[in-house]
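Colleague: Provided herewith is a single structure, encoded as structure tokens, for subsequent inquiry.
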Amino acid sequence: MSDNHTRRVNFALVKITTEQIDLVPEIIEENLPVKINAGLNFGIDTGKKLLKVLFKNVFLQEETPFITIETGCIFAFDPDSWSLFADEEKGLFILPKNFAGHLATLTASTARGILHNATEKSPLNRFFIPANNIEEMIKDNIAMSLQPTA
């Protein structure tokens, strides 16, 4: 599917997962800077026509993590929409950069809400996932093998 493709993609968010959430408030030092590392990953289930987006954030002070959160959003596609991305000849599922960015943004927003809920009544509630442009993390189209890995 080209970036200029005009066909509508029918998809739905069908599941949210909290893959990891580790909170260690007792190690925070008030006067030390905080660094946030973010990661993004994509995977597919060809048989079920599902795409999973994983978004991970680690909050650190002096390289010691005090918040780690990894959230997943699973999206289902109708068969016609799935076929827009599945290149059977190449054996690849190719997610255009812009659409991958949209799904990543939805996942990041979900992670932001999960983190808020998990820290709502704690001193960690002042730390949140920044509302940066998550799409900037994706440099090109995402290509995944249509063949399951063992």
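The values are calculated or read from the model by the stated rules, or taken from the named source; none is laboratory data. In this text, all values refer to a predicted model and were calculated from it rather than measured experimentally. As a convention, Cβ positions derive from the backbone with ideal geometry for all residues, glycine included, and neighbour counts pool all protein chains shown.
Colleague: Out of the residues in segment 96-130 meeting the condition of being in contact (Cβ under 8 Å) with a residue 12 or more places away in the chain and of a type in the set (Gly, Ala, Ser), tell me which one is farthest from Gly39 (Cα to Cα).
Modeller: Step one: list which residues in segment 96-130 are in contact (Cβ under 8 Å) with a residue 12 or more places away in the chain, which gives 96-108, 110-112, 114-116, 118-119, 122-124, 127-130.
In the following step, the residues that additionally are of a type in the set (Gly, Ala, Ser) were identified as 100-101, 104, 108, 111, 118, 122.
Details: Ala100: 14, Gly101: 13, Ala104: 10, Ala108: 10, Ala111: 12, Ala118: 20, Ser122: 25 Å.
For segment 96-130, the residue satisfying everything is Ser122.
Colleague: Got a sec? Which of Ile21, Ile27 is touching a residue at least 40 places away in the same chain (Cβ under 8 Å) and in contact with a strand residue (DSSP E or B) (Cβ under 9 Å, 6 or more places away or on another chain)?
Modeller: Details: Ile27 fails: touching a residue at least 40 places away in the same chain (Cβ under 8 Å).
From the options Ile21, Ile27, the qualifying one is Ile21.
Colleague: Taking the conditions exactly as written (at pLDDT below 95 and β-branched (Val, Ile, Thr)), does Thr119 satisfy them or not?
Modeller: Values: at pLDDT below 95: no; β-branched (Val, Ile, Thr): yes.
No: the conditions fail for Thr119.
Colleague: Strands (runs of 3 or more DSSP E) wholly in segment 10-126 with at least 3 residues that are more than 20 Å from Ser145 (Cβ to Cβ) and aliphatic (A, V, I, L, M) - which ones? Spell out the reasoning first.
Modeller: On the way: elements: 11-23, 35-45, 50-61, 64-77, 92-95.
Hits in segment 10-126: 11-23.
Colleague: Then there is this: Look through segment 57-86, keep the residues that are without any contact (Cβ under 8 Å) to a residue 40 or more places away in the chain and of a type in the set (D, E, K, R), and return whichever of them is surrounded by the fewest Cβ atoms within 10 Å (Cβ to Cβ).
Modeller: Here is the first cut: in segment 57-86, the residues without any contact (Cβ under 8 Å) to a residue 40 or more places away in the chain are 58, 60-64, 79, 82-83.
Subset that is of a type in the set (D, E, K, R): 62-63.
Working: Glu62: 10, Glu63: 6.
Selected residue: Glu63.
Colleague: In segment 59-72, what residues are over 18 Å from Phe128 (Cβ atoms) and not acidic (Asp, Glu)? Give the steps one after another, and end with the answer.
Modeller: Start the filter on segment 59-72 by keeping residues that are over 18 Å from Phe128 (Cβ atoms), which leaves 62-64, 72.
Thr64, Gly72 - these are the residues of segment 59-72 that are over 18 Å from Phe128 (Cβ atoms) and not acidic (Asp, Glu).
Colleague: So, of the residues in segment 114-124 that are of a type outside the set (A, V, I, L, M, F, W, C) and touching a strand residue (DSSP E or B) at 6+ places or on another chain (Cβ under 9 Å), which turns out to be surrounded by the most Cβ atoms within 10 Å (Cβ to Cβ)? Quick ask: steps written out before the conclusion?
Modeller: Restricting attention to segment 114-124, the residues satisfying the condition of being of a type outside the set (A, V, I, L, M, F, W, C) are 116-117, 119-123.
If we keep only those that are touching a strand residue (DSSP E or B) at 6+ places or on another chain (Cβ under 9 Å) as well, we get 119, 122.
Values: Thr119: 19, Ser122: 11.
Result: Thr119.
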